[in-house]
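The values are calculated or read from the model by the stated rules, or taken from the named source; none is laboratory data. Nothing here was measured: the structure is a model prediction, and the numbers come from that model. Cβ sites come from the backbone with ideal geometry, for glycine too, and all protein chains shown count toward neighbours.
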Amino acid sequence: MSMVNWQITATTVYCDAVDDEVTIMVYKDWLTKCTGYNKYGKPNSEILNILRSKGRQLKRKLECGGPECDVVLKYKEKLLAEESEKG
């Protein structure tokens with residue numbers, strides 16, 4: 001994979017896995033970070049209680065999919081496709 005002309009790009013999206021908006025960042029070397037993983041990946045007791053409460057309301061388990069979840073990978077793939085179209 002070649003380097004790109006930008007340093008970092010980011011987007012904020014709704015993450016169904018944690019029922020919250022998260023920001024996904026992709027760096028020029030294609031490393032990714034997600035604010036949802038920072039908050040929900042290894043939740044403290046307060047965040048865990050929030051997830052459990054929301055999960056009961058939604059009737060499903062809420063759990064972060066990790067730093068390379070589907071949401072992150074889809075955004076990264078979208079950027080890769082855009083870059084390959086440029087040449």
(request) Keeping to the range 45-87, report how many residues are more than 30 Å from W30 (Cβ to Cβ) and touching a Lys or Arg at 6+ places or on another chain (Cβ under 8 Å). (result) 1
(message) When you check K61 against the structure, is it surrounded by fewer than 17 Cβ atoms within 10 Å (Cβ to Cβ) and farther than 22 Å from T11 by Cβ, yes or no?
(response) yes
(message) Return the residues of the range 61-87 that are of a type in the set (F, W, Y) and either modelled with pLDDT under 95 or in contact with a Pro (Cβ under 7 Å, 6 or more places away or on another chain) (or both); say none if nothing qualifies.
(response) none
(message) Y40 - would you say it is in contact with an Asp or Glu (Cβ under 8 Å, 6 or more places away or on another chain), hydroxyl-bearing (S, T, Y) and surrounded by 12 or more Cβ atoms within 10 Å (Cβ to Cβ)?
(response) yes
(request) May I ask you to list the residues in the range 17-30 that are out of contact with any Lys or Arg (no Cβ under 7 Å at 6 or more places or on another chain), under 21 Å from K42 (Cβ atoms) and touching a residue at least 24 places away in the same chain (Cβ under 8 Å)? (result) A17, V18, V22, I24
